[in-house]
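Quick one: the structure is below, questions incoming.
The values are calculated or read from the model by the stated rules, or taken from the named source; none is laboratory data. Computed from a predicted model, the values in this text were never measured in an experiment. Reconstructed Cβ throughout: ideal geometry from the backbone, glycine too, with neighbour counts over all protein chains shown. Please note that ligands, DNA and RNA were not included when accessible areas were found on the heavy atoms of the full protein model with its side chains. Shrake-Rupley method; radii C 1.70, N 1.55, O 1.52, S 1.80 Å.
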Amino acid sequence: MRQPLGEEKVFKDPVHNYIHVQDELIWALINTPEFQRLRRIRQLGTTFLTFHGAEHSRFSHSLGVYEITRRIISQFERSGYTDWPKEERMVALCAALLHDLGHGPFSHSIEEAFEMNHEDWTCKILLGDTEVNRLLKQISEHFPEKVAAVIQKDYDKPIVVNLVSSPLDADRMDYLLRDAYFTGVNYGTIDIDRILRMLRPFHGRVVVKESGMHAVEDYLMARYQMYWQVYFHPVTRSSEILLRQIFRRAKELWASGYSFKTMLDPLPGLFTRELTVSEYLQLDEALIQTVFMKWQNEEDAVLKDLCERFMNRNLYKYVEIKQSDSESFEEIRQAFEAAGLNPLYDLEIDSPADLPYDVFRPEDGLTTNQILLLDRQEGLKEISEVSDIVRSISGIHRGRYQLYYPQDKLQNVKDKLPAGVRTFFDN
């Protein structure tokens, strides 16, 4: 049952102008310790080392996703669309607000280093002994499970999942606009007002009115450009590599019984993958950066060097190599080792890949991975069937191969490298 606030609350927001909170439950969820923790998690991880303005948080992004979802639902309800199940309003709003609750410090980098999944942790927080769980249960005993099912994409009302997780969802629309704003680039600017006006609930899912196709094309192109110009920027990839290497080295040292000068809880549980929900909620970027600062004084030379590089932005340099050259990686690795470098930490090949849009395949049938256009006769067409632009960016796109290395260390041993290996690093 909806419990409206006595007086609407608003957050001033640089992207959406105002974020409107009209329900007691939403206001209470925002003020829980679990949601306030997202203020201490950057939205773009280490991207602030490339684009200095990218200091915005998962907190502000989550509010933005909530606001876009609220606007979509309000439009559906004002227009009287019968295909929108009104009783699902609060499930959708809670899922939108809480969808990133389980993100850890530096988000995707820590997930890769410790084989975690933020959606799994989001569900553990929703269903565990938390303030969020207690508030959700005020709606009904099983309401937390409903919200978790939306996050896990297996809720029995796919239209609710569409709003929060689909190729054209509130999550993507907010992060494109917000990330473009804070990084200072123009790639992510989209006509969100036009897109939202063109959305329709239809036969259990969210579709787009056919006349809105060009706004959606622009949105997909913006996403494509943001991935290759911002999210996969080679300098950001360098900082992510350093971050993963720090975590990998720390795990190795912990497993070997190394005596750290500084070790803060709950990091031991992170290393052994034995964290409780309350311990996981202690993890934020302030704690991780404090530990990195202290680890600059560790006895282990590898961990010390990696932390100094990360904290002082002395990142690895990179050279672009052809895919065929990647076969020479073993030769380069052996040369580095012979010259006294540590190829496990001083050398890494990176080649990012993205799936801008998953095209319709007749043999697979329509799935939630496609954007559907609704024509005047209430027929549905998958957007890549009628859009040359969407077809041109569909399918998996792989970036250039980059070879990352510490330039200062390489300069000290360059004369020891075979001439054929030196040519990779001469430019």
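From the list His56, His52, His61, which residue is over 26 Å from Pro4 (Cβ atoms) and in contact with a Lys or Arg (Cβ under 7 Å, 6 or more places away or on another chain)? Walk me through how you get there before you give the answer.
Values: His52 fails: in contact with a Lys or Arg (Cβ under 7 Å, 6 or more places away or on another chain); His61 fails: over 26 Å from Pro4 (Cβ atoms).
The match here is His56.
Report, by residue number, each residue of the stretch 137-158 that is more than 17 Å from the chain's Cα centre (by Cα), of a type outside the set (Gly, Ala, Ser) and crowded, with 21+ Cβ neighbours inside 10 Å.
Scanning the stretch 137-158 gives Pro144, Lys146, Val147, Val150, Tyr155.
Then there is this: Out of the residues in the stretch 61-94 that are in contact with a helix residue (DSSP H, G or I) (Cβ under 9 Å, 6 or more places away or on another chain) and either outside any helix (DSSP H, G or I) or of a type in the set (Ser, Thr, Tyr) (or both), state the one that is nearest to His108 (Cα to Cα).
Ser62
Considering only the stretch 17-42, state which residues are in contact (Cβ under 8 Å) with a residue 60 or more places away in the chain and open to solvent by 10 Å² or more (accessible area, probe 1.4 Å). Before the answer, list the steps.
Taking the stretch 17-42 and keeping what is in contact (Cβ under 8 Å) with a residue 60 or more places away in the chain, we get 23, 25-26, 28-30, 32-35, 37-38, 40-42.
If the condition is that a residue be in contact (Cβ under 8 Å) with a residue 60 or more places away in the chain and open to solvent by 10 Å² or more (accessible area, probe 1.4 Å), then Leu25, Ala28, Pro33, Glu34, Arg40, Arg42 are the ones that fit.
If you don't mind, another one. Tell me which residues, restricted to the stretch 110-130, are modelled with pLDDT under 95, open to solvent by less than 10 Å² (accessible area, probe 1.4 Å) and either small (Gly, Ala, Ser) or in contact with a Gly (Cβ under 7 Å, 6 or more places away or on another chain) (or both).
Ile110
Within the stretch 310-320, is even one residue out of contact with any helix residue (DSSP H, G or I) (no Cβ under 7 Å at 6 or more places or on another chain), closer than 13 Å to Leu403 by Cα and of a type in the set (Lys, Arg)?
There is no residue in the stretch 310-320 that is out of contact with any helix residue (DSSP H, G or I) (no Cβ under 7 Å at 6 or more places or on another chain), closer than 13 Å to Leu403 by Cα and of a type in the set (Lys, Arg).
Does Gln43 meet the test of being touching a Ser or Thr at 6+ places or on another chain (Cβ under 9 Å), at pLDDT 95 or above and closer than 17 Å to Gly104 by Cα?
Judged against the criteria, Gln43 is a match.
For the structure I just gave you, tell me whether Pro406 is modelled with pLDDT of 90 or more and surrounded by 14 or more Cβ atoms within 10 Å (Cβ to Cβ).
yes
Inspect all residues belonging to the stretch 228-237 and state whether any of them is of a type in the set (Lys, Arg) and open to solvent by 10 Å² or more (accessible area, probe 1.4 Å).
There is at least one residue in the stretch 228-237 that is of a type in the set (Lys, Arg) and open to solvent by 10 Å² or more (accessible area, probe 1.4 Å).
Let's see how each residue does on (1) open to solvent by 30 Å² or more (accessible area, probe 1.4 Å); (2) within 23 Å of the chain's Cα centre (by Cα); (3) aliphatic (A, V, I, L, M):
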| position | (1), (2), (3) |
| --- | --- |
| Leu168 | no, yes, yes |
| Tyr187 | yes, yes, no |
| Leu196 | no, yes, yes |
| Phe202 | no, no, no |
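I've got another one for you. Exactly one of these conditions fails for Arg134: (1) free of Cβ contacts under 8 Å to residues at least 40 places away in the same chain; (2) open to solvent by 60 Å² or more (accessible area, probe 1.4 Å); (3) within 22 Å of the chain's Cα centre (by Cα); (4) closer than 26 Å to Glu279 by Cβ. Give me its number.
It is condition (3) that Arg134 fails.
Moving on. What are the pairs with Cβ atoms under 8 angstrom where one residue, in the stretch 299-317, is in contact (Cβ under 8 Å) with a residue 60 or more places away in the chain and the other, located anywhere, is surrounded by fewer than 15 Cβ atoms within 10 Å (Cβ to Cβ) and hydrophobic (A, V, I, L, M, F, W, C)? Sequence gap at least six, or different chains.
Cys307/Met293
State which residue is most open to solvent (accessible area, probe 1.4 Å) when the search covers only the stretch 43-60 and only residues that are part of a loop (DSSP other than H, G, I, E, B), farther than 13 Å from Arg237 by Cα and touching a residue at least 12 places away in the same chain (Cβ under 8 Å).
So, considering only residues that are part of a loop (DSSP other than H, G, I, E, B), farther than 13 Å from Arg237 by Cα and touching a residue at least 12 places away in the same chain (Cβ under 8 Å), the one most open to solvent (accessible area, probe 1.4 Å) is Glu55.
Pick from Glu308, Glu285, Glu299: which is open to solvent by less than 10 Å² (accessible area, probe 1.4 Å), charged (D, E, K, R) and at pLDDT 95 or above?
Glu285
Then there's this: Only one of Ser278, Ser259 is assigned to a helix (DSSP H, G or I) and loosely packed, with under 14 Cβ neighbours inside 10 Å. Can you tell me which?
That would be Ser278, the only listed residue that is assigned to a helix (DSSP H, G or I) and loosely packed, with under 14 Cβ neighbours inside 10 Å.
Mind counting the residues in the stretch 73-108 that are open to solvent by 10 Å² or more (accessible area, probe 1.4 Å), modelled with pLDDT under 95 and under 20 Å from the mean Cα position of the chain (by Cα)?
The qualifying residues number 1.
Let me ask something else about it. Only one of Val386, Val319 is at pLDDT 75 or above, closer than 22 Å to Thr236 by Cα, among the β-branched types (Val, Ile, Thr) and more than 25 Å from the chain's Cα centre (by Cα). Can you tell me which?
Answer to the check: Val319.
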